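Working notes, beginning with the structure itself.
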Amino acid sequence: MSYLVFCEKKSYNIFMESILTLYKIGTGPSSSHTMGPRNAAKWMRKHYPDAKKFHVILYGSLALTGKGHLTDVVLRKILGKNTTFEWDIHSKIAHPNTLQIEAKCTDGNHIQRFISIGGGEILLEGEKKEKKDIYPFSNFQQIKDYCSAKSLDLSDFALFFEPNLLQKLEKVFKTMKKSIQNGLQKEGYLPGSIHAKRKAKLLYNVAIENEDSSLLRTRLVSSYAYAVSEENASGGIIVTAPTCGSSGVLPACLYYLERKYSLEEEKILRALIVAGIFGNIIRTNASISGAFAGCQAEIGTACSMASAAVTYLMGGTIEDMETAAEIAMEHHLGLTCDPIDGLVQIPCIERNATAALRALDAASLAPYLSSSRKISFDTIVKTMLDTGKDMKKEYKETASGGLAKHYSEDKEVL
Ligand code: SF4
């Protein structure tokens, strides 16, 4: 095929997976701490169906924030009531999200360690990620060169390699919208120790009661991001985009634009593809895991994805989409992950709203900045990875630094 000739000429590595793997439908509150461990438990149940008891050891970030992320609750749901837990925060481990499950069976005990690598995916310890490479590219420059040589837009580029994407993304967008609609209906408090109040409905009502306000966009978009994030925090069904903790950013932007401009569904689905291309590049070259690289890897990635999607919907060029995605990540660099009590609530929920607004702003700036920019998307992704590696572990989903550490001081005054 012609694309292979093109790739051979450039000696590309074959390297990127399906875009669909970024958009997983499931229950929150965390892709690495809830969805991943749930998959590990299912693996144990499948391989040891006669097990009468299980013993789980959670290490690293899973031990430090697993209670707030409901890791034990989801594991018990799959493994059963006869499950005991150990929270080991001291052992040295190669990956911050490691768990061990021991199945006690009639023929003896069977131990398996798992690594939750982010986005709900798990690996057996020692297992290499089996990549189902679909895209013969590994960075944005390569993709841009290819699109330019073939006169393709970004969504058509992805459809060439994944022809069924549009049909498969229909359910993804439907679920995103449903999570917004569900979240907007609910009031009261979120589960967990900090008694955080749900705010999506309040923000939405304020928005529609003051439709002439210059703050209408801010309030509406925020209400949508809050709605998804509150659904996530309370164990509702959401779509990772690219993770549970950052699941409100992209749907908030897409839903807002769909309603404001009465956009056709296919256009929105193509925007999801564009967002997925940028998320895929970040996952391939850096990380989308807060435990590995801080919140810049989750919310920063979600913001990049959303800003590229918005730029696409507004008719921007590939250069504009790259610029928007770059701006969105650049101004999240260094963002720490410090969830209070390990709950995906503070700072996570508000952060989804502010990132959605930043994505819209980045998209509106991009067309005027793209011809004179100095930083490429690939460079900002490398920078994010380096920044994540340099971050202290207290700021990488351990609930032991930042807001998680100082939160209690405000209990006296607020
Ligand atoms: S602070 Fe960011 S990375 Fe950490 S749990 Fe919250 S959303 Fe996820």
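Quick notes
- Selection within the range 63-87: residues that are within 15 Å of the ligand (Cβ to nearest atom) and not small (Gly, Ala, Ser). The member of this set that is nearest to Ile122 (Cα to Cα) is Thr71.
- Condition met for Met321 (within 16 Å of the ligand (Cβ to nearest atom) and closer than 18 Å to Asn280 by Cα): no
- Comparison of Ile288, Ile273, Ile268 shows that the only residue that is among the β-branched types (Val, Ile, Thr) and not in a helix (DSSP H, G or I) is Ile288.
- Qualifying strands (runs of 3 or more DSSP E) (wholly inside the range 14-99; at least 1 residues being under 30 Å from Phe173 (Cα atoms)): 25-27
- Meets criteria (surrounded by fewer than 20 Cβ atoms within 10 Å (Cβ to Cβ), within 16 Å of the ligand (Cβ to nearest atom) and closer than 30 Å to Leu184 by Cβ) for Asp361: no
One line per residue, one yes/no per condition, for (1) at pLDDT below 95; (2) of a type in the set (A, V, I, L, M); (3) under 16 Å from Cys348 (Cβ atoms):
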residue: Tyr226; (1), (2), (3): no, no, yes
residue: Ser229; (1), (2), (3): no, no, yes
residue: Gly236; (1), (2), (3): yes, no, yes
residue: Gly248; (1), (2), (3): no, no, yes
residue: Pro251; (1), (2), (3): no, no, yes
residue: Gly279; (1), (2), (3): no, no, no
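- Some residue of the range 375-393 being at pLDDT below 95 and either aliphatic (A, V, I, L, M) or out of contact with any Ser or Thr (no Cβ under 7 Å at 6 or more places or on another chain) (or both): yes
- Ser222 being more than 25 Å from Gly120 (Cβ to Cβ) and away from the ligand (no atom under 16 Å from the Cβ): no
- Evaluation of Phe157 against the conditions (1) assigned to a strand (DSSP E or B); (2) closer than 19 Å to Arg283 by Cβ shows that the sole unmet condition is (1).
- Any hit, the range 244-259, residues being surrounded by fewer than 24 Cβ atoms within 10 Å (Cβ to Cβ), away from the ligand (no atom under 16 Å from the Cβ) and either of a type in the set (Phe, Trp, Tyr) or under 16 Å from the mean Cα position of the chain (by Cα) (or both): yes
- Selection from the range 334-352 of residues that are in contact with a Ser or Thr (Cβ under 6 Å, 6 or more places away or on another chain), assigned to a loop (DSSP other than H, G, I, E, B) and more than 8 Å from the ligand (Cβ to nearest atom): Gly334
- Qualifying residue in the range 168-182 (condition: among the charged types (D, E, K, R) and part of a loop (DSSP other than H, G, I, E, B)): no
- Selected residue (only one of Thr301, Thr317 is crowded, with 24+ Cβ neighbours inside 10 Å and not assigned by TED's automatic domain parsing to the domain that holds Gly120): Thr301
- Leu216 vs. criteria farther than 27 Å from Asp341 by Cα, surrounded by 15 or more Cβ atoms within 10 Å (Cβ to Cβ) and over 23 Å from the mean Cα position of the chain (by Cα): yes
- Verdict on Ile238 being within 21 Å of Leu343 (Cβ to Cβ) and in the same structural domain as Arg270 (by TED's automatic domain parsing): yes
- Subset of the range 116-140 (residues that are touching a helix residue (DSSP H, G or I) at 6+ places or on another chain (Cβ under 9 Å), in a strand (DSSP E or B) and of a type outside the set (S, T, N, Q)): Ile117, Gly118, Glu121, Ile122, Leu124, Tyr135
- Ser400 vs. criteria touching an Asp or Glu at 6+ places or on another chain (Cβ under 6 Å) and either part of a loop (DSSP other than H, G, I, E, B) or within 16 Å of the ligand (Cβ to nearest atom) (or both): yes
- On inspection, Ala355 qualifies as assigned by TED's automatic domain parsing to the domain that holds His406, surrounded by 24 or more Cβ atoms within 10 Å (Cβ to Cβ), assigned to a helix (DSSP H, G or I) and within 12 Å of the ligand (Cβ to nearest atom).
- Qualifying residue in the range 329-350 (condition: under 27 Å from Thr65 (Cα atoms), of a type outside the set (A, V, I, L, M, F, W, C) and in contact with an Asp or Glu (Cβ under 6 Å, 6 or more places away or on another chain)): no
- Residue within the range 197-210 that is of a type in the set (Ser, Thr, Tyr), assigned to a helix (DSSP H, G or I) and assigned by TED's automatic domain parsing to the domain that holds Gly235 present: yes
- Cross-chain or 6+ apart pairs with Cβ under 7 Å, the range 229-248 first and part of a loop (DSSP other than H, G, I, E, B), then of a type in the set (D, E, K, R): Thr240/Lys24; Pro242/Arg283; Thr243/Glu298; Gly245/Glu298; Ser246/Glu298
- If you filter the range 381-396 down to residues that are in a helix (DSSP H, G or I) and among the hydrophobic types (A, V, I, L, M, F, W, C), you find that the one that is surrounded by the most Cβ atoms within 10 Å (Cβ to Cβ) is Met384.
The values are calculated or read from the model by the stated rules, or taken from the named source; none is laboratory data. Model, not experiment: these values are computed from the prediction. Here the Cβ is made from the backbone with ideal geometry for all residues, glycine too, and neighbour counts use every protein chain on show.
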